[in-house]
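Below is one structure, written out as structure tokens; the observations come after it.
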There are 2 protein chains.
Amino acid sequence: MNSPSFMDHLRVVLVATRNPLNIGAAARAMSNFGCTHLRLVNPYDPAYREAVSAVGAAPVLANAEQFPTVAAAVADCTLVVGTTAAGRRELHHQLCTLESAARLILRRLARQPAGRAKKNRVALLFGSEKTGLSNDDLSHCHWLLRIPTRLEHRSMNLGQAVAVCLYELARDPKAAAKFAHALKTDTPATAGEIERFTAVLTEALSASGFLDRRTVADADQRIRRLVRRLHLPHRDADMWTGIMRQIVWKLNATESSKPSPRKKPAS
Amino acid sequence: MNSPSFMDHLRVVLVATRNPLNIGAAARAMSNFGCTHLRLVNPYDPAYREAVSAVGAAPVLANAEQFPTVAAAVADCTLVVGTTAAGRRELHHQLCTLESAARLILRRLARQPAGRAKKNRVALLFGSEKTGLSNDDLSHCHWLLRIPTRLEHRSMNLGQAVAVCLYELARDPKAAAKFAHALKTDTPATAGEIERFTAVLTEALSASGFLDRRTVADADQRIRRLVRRLHLPHRDADMWTGIMRQIVWKLNATESSKPSPRKKPAS
């Protein structure tokens, strides 16, 4: 996937982030998913631009913008969405899961006025590692989203939360359906190919003495069912038949070179 | 969301992880999404159990199992899935996106034999930070999945990759649809409520002198359209009408208490 153009209108806003490594991690996830506009509100440590965890994220960090307040950081956005673990605090906002939030955000990002008109920018806010977004931060949001973590362990690592949110925005459900189809439809072997393999396998079972030792009436049917349960793919059918043919050849060659054929042990 | 029981049959397998902090980060994401079974193949640093990044993940780390080989780590699993950035190497496996992979994995996890029969366990493999899974590691996999990152920056941070994969497994598309519906259907105000507000607003515009200053023929219609574009929700309609009524009262009170009414400035 190339960076989709709708990501150009998304702003990831990290509010009061404490650990510069987390800013680097967020920037890396942004770069992974094609989102390049990072905004920082009052980061605790201005050394974030050197964050070592930011493999490949140098351009995102270099272009990061710094703001003194949330209001200033979201001033040019038409939709402001806060992220929350929705823990103890009473929330005064509508809260939706990440998945439905992503659909609403994508709809807004897709609805861009033509020409030079003011663009529909969307801000996605993440709070500090310790306390998340404050009630004052949240008051700037139109609504909130929650990543569906366990109720017993809601709070995610900041960089991981950013990665999960951007993944949900970047994934393409249509592409997924296509791939799932491709995976399911690995062309299976034809009945003829399966039958050829079954025949050689039966020869091998016989030549190896495997069949002799069991007195089973419907041995052929049992072998046929056994092979069909394999779901042999078309592209491997000849290979398997060849392998078994070689085994049969070797079994027979060994048998005929022996001075006296080995007999089935008496049972 | 509580930890869904199907997660009990999932094994996250980290192969040759270098940085113990990444093991801690993976464990935290596992705990967030209700997956408790971590397996480690040859971690470089056995100090991982003390990983400081593992907020809330101590139980996962304490129960982590260590294995000398990939073969041993996946021996009891019926489906083994590798993760890859699908970069320079030629892959000999079928590759699908995370989203379709998750549907296939969930289907397998849901299909559990009754009683004490051997369970369908699924192993999800993650390679080392530097090189990912080796070709030898990959040969143990049934197929591979790829997180849909940008082609120009494919490789994700290990903990973030684990978080994104487990999020995709844990999210509940049905719950999402429900929430999206709830968000969209915030009950709008009735026409009557809107009209009541419009009437008081018009009074306020008039009392404030706003209407006097503009000579617009269809002022009433313009105000009506202006109010309808607000999408006033039902639960806030009375509040807005009350606010405006208070403003009208104050405007009139101020006006009548003045010795001489202020006139429209000549223009």
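The values are calculated or read from the model by the stated rules, or taken from the named source; none is laboratory data. Computed from a prediction, not measured in an experiment: that's the story for all the values here. Note that we place each Cβ from the backbone using ideal geometry, even for glycine, and neighbour counts take in every protein chain shown. Side chains are part of the model used for accessible areas, which takes the heavy atoms of the whole protein and leaves out ligands, DNA and RNA. Shrake-Rupley method; radii C 1.70, N 1.55, O 1.52, S 1.80 Å.
Numbers for the structure displayed
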read-out	value
Exam field: B:Lys130 pseudo-label spacings to other copies (7 Å along Cα-Cβ), nanometres	3.7
Cβ-Cβ FRET estimate between B:Arg18 and B:Ala110, R0 fixed at 41 Å, reported to 0.05	0.75
For A:His142, inter-copy label distances in nm, listed shortest first [label point 7 Å out on the Cα-Cβ vector]	4.3
Estimated distance in nm for a label pair at B:Asn252 and A:Phe67, the labels positioned 7 Å out from Cα along Cα-to-Cβ	4.2 nm
Sites A:Ser206 and B:His142 - FRET efficiency at Förster radius 22 Å, r taken between beta-carbons, to 0.05	0.10
Tensor-based shape of segment A:190-255 (alpha-carbon gyration tensor, a/c under 1.5 rounded, otherwise prolate or oblate)	oblate
Highest average packing first - B:229-242, B:98-111, Cβ atoms within 10 Å	B:98-111, B:229-242
Total accessible surface hidden between B and A, rounded to 100 Å², 1.4 Å probe	4300 Å²
Where segment B:1-86 is the region considered: accessible area per residue in Å², 1.4 Å probe	37 Å²
Shielding by partners - mean other protein chain Cβ count within 10 Å, residues of B:33-43	1
Other-copy label distances relative to A:Pro113, 7 angstrom Cα-Cβ extension, nm	6.5
Solvent exposure ordering (accessible area, 1.4 Å, most first) of A:Lys119, A:Lys130	A:Lys130, A:Lys119
